[in-house]
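Every number here is computed from the coordinates shown, using simple stated rules; none is lab data. Keep in mind it's a predicted model, so treat the numbers as computed, not measured. Cβ: placed from backbone, ideal geometry, glycine included. Neighbour counts: every protein chain shown.
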Amino acid sequence: MPNLDLEKSRSVKRWVLVTWPSFLAACLLEALVFSAVDPSEVNWPGQTTQPSRQAVYTAAFFSFWLIAMASSSLVLWLGKPPRDVNDTARDSQSF
């Protein structure tokens with residue numbers, strides 16, 4: 001029977017390894033982008049009304065965060081040890 005506490009702690013660790021660096025990356029990207037771009041000066045095609053600055057900042061931050069989370073998740077997935085990917089422990093026991 002698998003140890004549920006160990007599995008839960010591993011999933012929490014993975015969650016933290018994905019969300020925290022991606023949050024920091026989103027903060028940095030937000031600062032870099034909006035130090036060069038003023039949302040009130042951007043013309044949004046097809047819209048007669050401009051969204052507020054705060055709405056643009058918020059939407060951009062969460063977009064940056066989701067993109068950074070996808071990147072962090074990919075790095076975590078690609079960094080799996082070969083034994084987890086290939087299940088070599090099970091193969092070596094059959095000999």
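Points 7 angstrom from Cα along the Cβ direction at Arg83 and Glu41: gap in nanometres?
So the label points at Arg83 and Glu41 sit 5.7 nm apart.
What are the radius of gyration and Dmax of the chain, computed over its Cα atoms and given in Å?
Final numbers for Rg and Dmax: 20.8, 71 Å.
Between Asp5 and Gln54, what length comes free when the chain is fully extended (0.36 nm per residue of separation minus the Cα-Cα distance, one decimal in nm)?
In short, 13.5 nm is gained.
Which whole-Hz couplings ³J(HN,Hα) result when phi for each residue of the range 53-63 is put into the Karplus expression 6.51 cos²θ - 1.76 cosθ + 1.60, θ = phi - 60°, listed in order with x for Gly and Pro?
Result, ordered by residue: 4, 4, 5, 5, 4, 5, 4, 5, 4, 5, 5 Hz.
Say we join alpha carbon atoms closer than 10 Å with springs in a Gaussian network model of the chain; which of Ala68, Ala25, Ala55 then has the biggest fluctuation?
Ala55
Quick one: dipole size for the chain, taken about the Cα centre, charges +1 on Lys/Arg Cβ and -1 on Asp/Glu Cβ, in debye to the nearest 20.
280
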